[in-house]
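Here is the structure we will look at, set down as C-alpha cells.
Read-outs: derived from the displayed coordinates by stated rules, not from any lab. Predicted, not measured: the structure shown is a model, and the values here were computed from it.
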C-alpha cells in the first residue's frame with residue numbers, strides 16, 4: 001500500500017471530515033447518488049431493502065442513514081416498522097424523518113438484542129475499525145434479526161478513476177496523476193463477506209451490475225466534485241483537476257458521442 005493510499009484510507013474514516021465536511025449536509029451525497037439516474041438496468045435499491053424486510057417487524061435501525069433516502073422509503077412502504085435514523089453528522093439528519101440520533105456506529109447507544117433489523121448501507125467503509133463495528137451491529141440485533149449492508153465492487157466506475165488520473169496528470173504535467181479517493185475500497189463487495197463473516201454465518205449477496213451512459217458531462221463532474229471533503233488527500237489541485245476532467249469528458253463525448261461507465265455494487269443480507 002502506498003503512503004498516499006494509506007492517507008486516503010485514513011481520511012475516508014476520519015470522523016471530523018465525515019461529520020463536518022463530507023456529510024455536513026446532504027449536498028455531496030446527493031451528487032454521488034444522482035449519477036445512477038442514467039444507469040441501465042435501473043435498480044430500486046430502497047425497494048430491494050423493503051423486499052428483504054418483508055418478514056421483519058418491530059425496530060429497524062438505519063445506521064449511517066445519511067440524507068434519509070432509505071428511511072423515507074421505509075416510512076412510505078412499511079409504516080408499521082419503528083424506524084430510527086442514526087448518523088455521525090447532525091447536519092445531514094436535519095431533513096430525515098424523526099426519530100433520529102447522532103451516534104457513532106462503533107458505539108451504538110442501544111441495548112443488546114434491541115433491534116429486529118439493522119441497515120448499514122454504503123457506510124461500513126467509513127468506520128475506522130470495520131470488524132469491531134460489524135460486531136457492534138450484531139450486538140444490537142435480536143436473535144433471528146437481519147443486517148442489510150451495501151457497498152461497491154473494486155471494479156466499480158473504473159472509467160471515473162481513469163478520468164481522474166488523466167485529468168490530475170494533465171494538471172501536474174505528467175502522464176498519469178495520483179489516484180482519486182476511493183470510498184468503498186476499504187469495505188468493497190469483494191472484501192465485505194470476509195468482514196461480515198466475523199459476526200454472521202448466513203451471508204447472501206445480491207450483485208447489481210449496470211452501465212451508465214452519458215452525453216452530458218454535468219453528472220460526471222458533479223460526482224467527481226462531491227469528493228471535495230478529501231481534496232487534501234488527492235495530491236493535486238482539486239478544483240483545477242475537476243475543471244480539467246470536465247474538458248476531457250466534453251472532448252470524449254464530442255469524439256465518441258457518449259461516455260460509458262461500468263458499475264457494480266451489491267446488497268448483502270446477513271443473519272447470525
Contact order normalised by residue count of the chain, Cα under 8 Å, 6+ apart, percent: 23
Quick shape check on segment 59-115: root eigenvalues a ≥ b ≥ c of the Cα gyration tensor, a/c under 1.5 is rounded, otherwise prolate if a/b tops b/c, else oblate, and it reads oblate
Potential extension, residue 77-residue 44 segment - 0.36 nm per residue separation minus Cα distance: 10.6 nm
Post the alpha-carbon centroid distance, segment 235-271 to segment 166-201, in whole angstrom. 14
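Please give the direction-averaged projected area of the C-alpha convex hull for segment 119-169, in square nanometres with one decimal.
On the way: hull surface 19.0 nm².
Computing the convex hull of the Cα atoms and averaging its projections yields 4.7 nm².
For segment 170-272, what is Rg from Cα atoms divided by 2.2 N^0.38 Å, rounded to two decimals?
Details: Rg = 17.6 Å, N = 103, 2.2 N^0.38 = 12.8 Å.
Segment 170-272 yields a ratio of 1.38.
For segment 179-225, count the residues as N, evaluate 2.2 N^0.38 Å, and divide the Cα radius of gyration by that value, please. Don't jump to the answer; show the numbers that get you there.
Details: Rg = 15.5 Å, N = 47, 2.2 N^0.38 = 9.5 Å.
Normalised by 2.2 N^0.38 Å, the Cα Rg of segment 179-225 equals 1.63.
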The chain: calculated mean residue ellipticity at 222 nm from DSSP helix runs of at least 4, using -39500 (n - 2.57): -10000 deg cm²/dmol
Within the set 44, 25, 95, GNM on the chain using Cα springs under 10 Å gives the largest fluctuation to 44
Inverting the mean 1/r over all pairs of different Cα atoms, compute the Kirkwood radius of the chain and quote it in Å. 19.3
Compute the acute angle (0 to 90°) between the alpha-carbon long axis of helix 158-172 and the principal axis of greatest extent of the alpha-carbon atoms of the chain; round to the nearest 10°. 50
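Rg to Rh for segment 1-56: what is it, with Cα atoms only and Rh by Kirkwood? Write out the running numbers ahead of the final one.
Numbers: Rg = 16.3 Å, Rh = 14.3 Å.
Computed over Cα atoms, the ratio is 1.14.
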